[in-house]
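Throughout, read-outs are computed from the coordinates displayed, never taken from laboratory work. Predicted model only: the values in this text are computed from it and were never measured. Glycine also receives a Cβ, built like all others from the backbone with ideal geometry; neighbour counts cover every protein chain displayed.
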Amino acid sequence: MSWERTAAATSTAAPERVWDVLLDGRRWALWNRGVDWMVLEGPLEPGTRLTLKPKRGPQTAFRIEAVVPQRLLSLVVRFGPVAALRFRWELAAAGTGTSIAGTIGIAGPLAGPFLRRAADRMAVAMPANLERLALRAAGGEPGPA
């Protein structure tokens, strides 16, 4: 099974600023309501582990699949050969601000039974999370829900 959802937001901040906020894992909970924190565990390059702690789940180790500084961050966590969960953030200059696209996807023969329900919940939350990321990058301070 393969499934993917994308949402978008626009920030008045420059791509460099949005990128800095995206990589500030100590403050992820300020814009991503489903995550307590994120830690990059090495250089910002493909193959490096990135661990995040979901609010109601155990910390999870993702791998960076692709990175283009200030433009693209793609993460994957694999569940053996049967399923994978991917997150991707893409940034593009939009006038004096930044267009932000966020994508969540699942793939693999057992992705549906293992991941679809959780992926659906994350996809529903994604537009608001991206709006908070855009606001935080622009200097706003979204408060906790």
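So what is the relative contact order of the stretch 85-145, in percent, for Cα pairs below 8 Å that sit 6 or more residues apart?
Here the relative contact order equals 24 percent.
Distance between Cα centroids, the stretch 61-120 to the stretch 1-16: provide it in whole Å.
10 Å
With runs of 4+ DSSP H residues as the only contributors, calculate the mean residue ellipticity of the chain at 222 nm using -39,500 (n - 2.57) per run, divided by the residue total and rounded to the nearest 500.
-8000 deg cm²/dmol
Going from the alpha-carbon gyration tensor of the stretch 1-78, what semi-axes, largest first and in whole Å, does one get by taking the root of 5 times each eigenvalue?
Those come to 19, 16, 15 Å.
Pick from R117, R86, R56: which residue has the top mean-square fluctuation in a GNM of the chain where Cα pairs under 10 Å get a spring?
Maximum among the listed residues: R56.
Hey, could you grab the Kirkwood Rh for the chain? Inverse mean 1/r over distinct alpha carbon pairs, Å, one decimal.
15.3 Å
Bin width 5 Å, origin at 0, all Cα-Cα pairs of the stretch 35-111: what percent of pairs per bin?
3, 15, 20, 24, 19, 11, 5, 2, 0
Just rank E131, E16, fewest to most, by other beta-carbon atoms within 10 angstrom.
Placing the least packed residue first, the sequence is E16, E131.
I need V124, V21, V39, V67 ordered by Cβ neighbour count within 10 Å, fewest first.
The order, fewest Cβ neighbours first, is V124, V39, V67, V21.
Using R₀ = 30 Å, calculate the FRET efficiency as 1/(1 + (r/R₀)^6) where r is the Cβ-Cβ separation of A107 and R27; round to 0.05.
0.50
What residue among V35, V82, V18 has the largest mean-square fluctuation in a Gaussian network model of the chain, using Cα springs under 10 Å?
It is V82.
Counting alpha carbon pairs within less than 8 Å and at least 6 residues apart, what relative contact order, in whole percent, applies to the chain?
So the answer I get is 32 percent.
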